[in-house]
4 protein chains.
Amino acid sequence: MIKVGVIGYGYWGPNVARNFHASPGVKLIAVSDLDAKRRGLAEMHYPFIRTTPDPEDLVRSPDIDVVAIVTPVFTHFELARRALENGKHIFVEKPFTATADQARELVDLAAKAGRKIMVDHTFLFTGAVRKIKEVIDSGALGRLFFYDSVRVNLGLFQHDVNVIWDLAPHDFSIMRHVIKEPPTAVSAQGSVHIKGGLEDIAYVSIHFGDSTFIAHFHVNWLSPVKIRSTLISGDRKMLVWDDLSSDEKIKIYDRGVEVNGKTEKTGIHSLLISYRSGDIHVPRLEGTEALKREIDYFVGCLESGSDPINNGQAGLEVVRLLEAADESLKRGGQRVAL
Amino acid sequence: MIKVGVIGYGYWGPNVARNFHASPGVKLIAVSDLDAKRRGLAEMHYPFIRTTPDPEDLVRSPDIDVVAIVTPVFTHFELARRALENGKHIFVEKPFTATADQARELVDLAAKAGRKIMVDHTFLFTGAVRKIKEVIDSGALGRLFFYDSVRVNLGLFQHDVNVIWDLAPHDFSIMRHVIKEPPTAVSAQGSVHIKGGLEDIAYVSIHFGDSTFIAHFHVNWLSPVKIRSTLISGDRKMLVWDDLSSDEKIKIYDRGVEVNGKTEKTGIHSLLISYRSGDIHVPRLEGTEALKREIDYFVGCLESGSDPINNGQAGLEVVRLLEAADESLKRGGQRVAL
Amino acid sequence: MIKVGVIGYGYWGPNVARNFHASPGVKLIAVSDLDAKRRGLAEMHYPFIRTTPDPEDLVRSPDIDVVAIVTPVFTHFELARRALENGKHIFVEKPFTATADQARELVDLAAKAGRKIMVDHTFLFTGAVRKIKEVIDSGALGRLFFYDSVRVNLGLFQHDVNVIWDLAPHDFSIMRHVIKEPPTAVSAQGSVHIKGGLEDIAYVSIHFGDSTFIAHFHVNWLSPVKIRSTLISGDRKMLVWDDLSSDEKIKIYDRGVEVNGKTEKTGIHSLLISYRSGDIHVPRLEGTEALKREIDYFVGCLESGSDPINNGQAGLEVVRLLEAADESLKRGGQRVAL
Amino acid sequence: MIKVGVIGYGYWGPNVARNFHASPGVKLIAVSDLDAKRRGLAEMHYPFIRTTPDPEDLVRSPDIDVVAIVTPVFTHFELARRALENGKHIFVEKPFTATADQARELVDLAAKAGRKIMVDHTFLFTGAVRKIKEVIDSGALGRLFFYDSVRVNLGLFQHDVNVIWDLAPHDFSIMRHVIKEPPTAVSAQGSVHIKGGLEDIAYVSIHFGDSTFIAHFHVNWLSPVKIRSTLISGDRKMLVWDDLSSDEKIKIYDRGVEVNGKTEKTGIHSLLISYRSGDIHVPRLEGTEALKREIDYFVGCLESGSDPINNGQAGLEVVRLLEAADESLKRGGQRVAL
């Protein structure tokens, strides 16, 4: 029986608690939140648990094996460190930490303590991303050309982080999960439109050494329309993920480009390029709630002693990309090596 | 009666010839094309004109007032220079020239010769762009936040120019036409995926001095899906232009963001931001063929002696943006001042 | 304080109970359901109420003013009759009753007892239908041409009623609410595809005396795609309601048809007809939950003693249309007078 | 060499002439039209043909093998009869004739004269309809449930026929082509909204003896939006044809319904029905112009002496459906046996 305590019962915490509670072999023990109303809600949902305003109670509690940290980013490091120091496994809301250094420290700490870290990159457990990974791993797309992601909305401004830290952790973690090539540099453009605010629109490019593969991300809180779409193009097939579609989230296009030699015409050397256009395939996706699948998987990892795919290292790599994007923003878009 | 000769009768030339021919007060005199088959086509369409393989015939012909140059980019400058030197007005396919220096020289030459240049930025004459300009000029959008353009397709590779020079002239000319603030710097990311080819995907950001306004352009020949969409967002209203929609190309969203003060909560200073969401308006657009409207307008300019909005200077500014984007590409995305 | 008991705590009952509970001036007293599990759920939600397997307990309880009947259609009449006989107001799930005769009897009974009936035509209280009614009442559409509704899906078969009784109550109640002209006849076509089943696809036409206005309804449990769309066309404007759109449920088209006289050409008398095409307007809709608005309105009616728009008579008229559609189905599509 | 004359050079005639002209083994000989301007156009397009205002010239001309009749419906019979009597093969614009009796007479006449009739049901030669036929013939959809077609628009009123005769010939011919079961009865509802006009909106149901298969057609000139969509549902798979989609005209849904026995619960006998939902497949369609494929096929039939699928009998069956729909309209929607 794995005993779990949840720190933070605001917007996302109740979902985390619910899924730990529902996972076989797990016992929800305690919830902490600064706000008495939120604690009241937790008590109504789970009359058998204890609640507390002080996260330290959970972190040090001898009857807790796993601490789930579902609080604002700037608090993650301290809570995670204390939990690891007290021998807990941790489940941490994304982004993992506020700096890459913090993430590195936590990864080291967990290694020494023999404890597991899972960073809540929930999207990796959606039917859509699982299908994308399956398709890419199968080689169906061929040699990859680019990864283009747009996640825009007339959104809720986060008060403590800019739009990159708010929205891009989703896309960076997905991209890192499905693309094998390691990123080597980041450049970013962005702008602040609300006086006293942080960047509310940004464009981030990620580069991959000498590879011609390129990844690009548009994140935006000021768009009149909501778009959540990703294009992944290869020389054999191409894939579009529209996360807002109810019925057709993933489309795989049997389309490609072929080079058939060179020609010379009126003094210009030209490539003879042809386009192939075939069927479109819309695979059915698994419908299970992603967070449920993620937490069940984490519980399985804890039981078997294996490391989750979205471990501390994965969390660190995403934070490093976020940090590099911020650096590039400050330097007017210069490439920042990773 | 304005007498017109058309150089180049390939893909676009016949449309240019047709619209000059149909314009009241214009007489189509001659067509030149290197390809005898294309000349044959021109003769079938307009049995009364003369055709020639040699553009010099048109450029020097005393019975021609206007030379329309509808040939590959790398030939524009020489043909345009010869035409201006021979006292012709010129209509030049976009992009105006292969370098900004060439464009400057032509602008100077035309000024000295007292001749008019129109660069064929056809999109400025569509119902959609005319409506966008009207809406922005009216102040309905309020203070502008950003201009975001996506023009992607599984496209025809141009053999002599990269994807920026192929597709971005449309978007740069439109942006320059509807946005008052002058651009000051350009940065671009891109990649070449076909061995021996040119950039086939690129992301271009345009900056505007100290302004928080930002413009961004995604041009791409390797996308599985065709997208031609532009978002223009302001603090009062927001506009979406989907050029592939048959019925709803322009949507104006009565949506906005308001800052209502500051707050402080658990140690974080926060802005109190609220979102406003109202009706959507889809204006009916004029249906006239853009090229017809453009050429009739050019003829009107010639008759009245006025300078067209899409004159040589406008063409030069677009070429300067293209050139700067290329420079930035070469320098790994560094900002290039204009 | 209005005291409410809810009979039936299956799929919809919990929503009805929740909204009565949340309505100011209402006290939820009791819930009955045959299934002990469902009663357990009700107790968990509302620890202060009493639950019972026997609806008769609620119907006769002296401390209950309103009985909400949220059970299968075939049980409505008996429960409703008993409730009215015991001096309760009733809120009845749609369709009101299994036959028009039953509905008439209940209407009479309520009139004699001085009690109110509300039939749960929830859709009338959505932002979309309220906007449609407002637009039609304002005369903006002009003279109405037709009402065309499609409600299809790969659906859950109801076991005790056919697709007309399952889906058309929504559309019949909406149509009756927004269209002033009284229907006079019904014709229906349909088919049974599952052995031993009931009609799973049907087309219903409703006629309006000598009027040229016509209404048509396509209801279907066997469609591969989900469609919920209604066209309402008039001679001045036209309206499309797409209930599956998140952002643009209602579109009002400034389009119309005009007759400009007659002509005669090559022996044929022809009307000179012209089409007008203007802007499209997408009004923002109220976002409140429809059921909340409906139940608050019912409570208001009870407090003021006024009759709701969706009273027993409205419920009866919908049942009469359903019954007539069934009759027409049996007679191979013949018109059945109302 | 097959020699062709075309009667009628209005909207569609030029397309017919162009495709006959382009077909190998065909020589375009003559065009007739009452309007001198249209004849002028034909002369410009094909300087080598002869033109005439009198169709009788073509019908009797000894140097013409095939007469294409592209004129208003009410003239078809007389022109076709004359052409067949003079030993010509005929290509006739849809609908074939104004009455089924006329169609029967022409079919008989052609049989006696040993001449071929092709009725211009162009849609049968589109990539979309060819794919639909292929899919249905393969048995992929399983046992068919229904055929549901919507063809609506804010349309051009035809002056001499109602909306059924204008739009439904497309859908009736397609349905007859892809569905094997023979229709046995028709019922129709419709309405006239323009004073002095003909039906501008209609709903037509087609029945198939004892079969549970049903076909339904909505044709409409007064819809604010253009819809051209067809659903064909079977117990194994389901197909949607959206003719307005550029990229995804045909979608095949791996969805179905299964009956897994019966149950009895609280006194109601219920079927245990389950729904299956799998992938969606969007096949690539042939892009050739349908009219080109049709005319090349007709030429092939003439050369080989075989009968086209869209022969006089096919044309007759469509006319019979149209006629029956009109009869049903007049009788208030009563079923009319075929």
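Pick from the stretch A:280-338 the residues that are of a type in the set (Val, Ile, Thr) and away from chain D (no Cβ under 14 Å): which of them is most open to solvent (accessible area, probe 1.4 Å)? Give the steps one after another, and end with the answer.
Keep residues of the stretch A:280-338 that are of a type in the set (Val, Ile, Thr), which gives A:280, A:282, A:288, A:295, A:299, A:309, A:318-319, A:336.
Applying the additional criterion that residues be away from chain D (no Cβ under 14 Å) yields A:288, A:295, A:299, A:309, A:318-319, A:336.
Working: A:Thr288: 66, A:Ile295: 0, A:Val299: 6, A:Ile309: 86, A:Val318: 3, A:Val319: 0, A:Val336: 5 Å².
Across the stretch A:280-338, the extreme among qualifying residues is A:Ile309.
Could you list, in sequence order, the residues of the stretch C:58-102 that are part of a helix (DSSP H, G or I), of a type in the set (A, V, I, L, M) and out of contact with any Ser or Thr (no Cβ under 6 Å at 6 or more places or on another chain)?
C:Val59, C:Val73, C:Leu79, C:Ala80, C:Ala83, C:Leu84, C:Ala100
Do the conditions hold for B:Tyr9, that is, is it among the aromatic types (Phe, Trp, Tyr), over 27 Å from the mean Cα position of the chain (by Cα) and open to solvent by less than 60 Å² (accessible area, probe 1.4 Å)?
Details: among the aromatic types (Phe, Trp, Tyr): yes; over 27 Å from the mean Cα position of the chain (by Cα): no; open to solvent by less than 60 Å² (accessible area, probe 1.4 Å): yes.
No; evaluated as a whole, the condition is false for this residue.
Within the stretch A:228-261, which residues are among the small types (Gly, Ala, Ser), free of Cβ contacts under 8 Å to residues at least 40 places away in the same chain and either touching a Cys at 6+ places or on another chain (Cβ under 8 Å) or closer than 22 Å to B:Leu156 by Cα (or both)?
Here is the first cut: in the stretch A:228-261, the ones among the small types (Gly, Ala, Ser) are A:229, A:233-234, A:245-246, A:256, A:261.
Now restrict to residues that are free of Cβ contacts under 8 Å to residues at least 40 places away in the same chain: A:245-246, A:261.
Residue satisfying the conditions is A:Gly261 alone.
Filter the stretch D:30-46 down to the residues that are within 27 Å of the chain's Cα centre (by Cα) and open to solvent by less than 80 Å² (accessible area, probe 1.4 Å) and list them by number. Before the answer, list the steps.
Going through the stretch D:30-46, the residues within 27 Å of the chain's Cα centre (by Cα) turn out to be D:30-34, D:38, D:42.
Listed by number, the residues that qualify are D:Ala30, D:Val31, D:Ser32, D:Asp33, D:Arg38, D:Ala42.
Test each condition in (1) assigned to a helix (DSSP H, G or I); (2) surrounded by fewer than 18 Cβ atoms within 10 Å (Cβ to Cβ); (3) charged (D, E, K, R) for B:Asp171 and report the one that comes out false.
Answer for B:Asp171: the failing condition is (2).
Select from the stretch D:110-139 the residues that are in contact with a Gly (Cβ under 9 Å, 6 or more places away or on another chain) and part of a helix (DSSP H, G or I) and write down the one among them that is nearest to D:Gly234 (Cα to Cα).
Filtering first and then ranking leaves D:Ile136.
What's the number of the only condition in (1) over 16 Å from the mean Cα position of the chain (by Cα); (2) aliphatic (A, V, I, L, M); (3) part of a strand (DSSP E or B) that A:Val150 fails to meet?
All conditions are met except number (1).
Could you list, ordered by first residue, the pairs with Cβ atoms under 6 Å in which the first is in the stretch A:271-283 and over 20 Å from D:Lys249 (Cβ atoms) and modelled with pLDDT under 80 and the second is loosely packed, with under 14 Cβ neighbours inside 10 Å and among the small types (Gly, Ala, Ser), at least 6 apart or interchain?
Final answer for the pair search is A:Leu272/A:Gly261.
I need the full set of residues from the stretch D:54-75 which are more than 21 Å from D:Arg18 (Cβ to Cβ) and either crowded, with 17+ Cβ neighbours inside 10 Å or not acidic (Asp, Glu) (or both), in order please.
D:Val59, D:Arg60, D:Pro62, D:Val73, D:Phe74, D:Thr75
Just to check your reading of the model, which residue among D:Ala83, D:Ala110 is free of Cβ contacts under 8 Å to residues at least 60 places away in the same chain and buried (at least 20 other Cβ atoms within 10 Å of the Cβ)?
Result of the check over D:Ala83, D:Ala110: D:Ala83.
Looking only at the stretch D:230-239, how many residues end up being more than 9 Å from every other protein chain (Cβ to nearest Cβ) and surrounded by fewer than 22 Cβ atoms within 10 Å (Cβ to Cβ)?
Qualifying residue count, the stretch D:230-239: 1.
Here are the criteria: (1) surrounded by fewer than 23 Cβ atoms within 10 Å (Cβ to Cβ); (2) of a type outside the set (Val, Ile, Thr); (3) under 20 Å from the mean Cα position of the chain (by Cα). Tell me which single one C:Leu124 does not satisfy.
(1)
Taking the condition modelled with pLDDT of 95 or more, outside any strand (DSSP E or B) and buried (at least 23 other Cβ atoms within 10 Å of the Cβ), does C:Pro182 pass?
no
Okay, residues lined up against (1) in contact with a His (Cβ under 9 Å, 6 or more places away or on another chain); (2) not β-branched (Val, Ile, Thr):
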position: A:Ala36; (1), (2): no, yes
position: A:Arg50; (1), (2): no, yes
position: A:Asp54; (1), (2): no, yes
position: A:Phe96; (1), (2): yes, yes
position: A:Ala100; (1), (2): no, yes
position: A:Gly114; (1), (2): no, yes
position: A:Ile117; (1), (2): yes, no
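Would you check which residues across the stretch C:192-217 are assigned to a strand (DSSP E or B) and open to solvent by 10 Å² or more (accessible area, probe 1.4 Å) and list them?
Within the stretch C:192-217, the subset assigned to a strand (DSSP E or B) is C:201-207, C:214-217.
Passing the criteria: only C:His207.
Which one is nearest to A:Leu338 (Cα to Cα) among residues in the stretch A:156-205 that are at the interface with chain B (Cβ under 9 Å from one of its Cβ atoms) and among the aliphatic types (A, V, I, L, M)?
A:Ala185
The values are calculated or read from the model by the stated rules, or taken from the named source; none is laboratory data. A quick note: this is a predicted structure, and the numbers were derived from the prediction, not measured. Note that we place each Cβ from the backbone using ideal geometry, even for glycine, and neighbour counts take in every protein chain shown. Heads up: the accessible areas ignore ligands, DNA and RNA and are worked out on the full protein's heavy atoms, side chains in. Shrake-Rupley method; radii C 1.70, N 1.55, O 1.52, S 1.80 Å.
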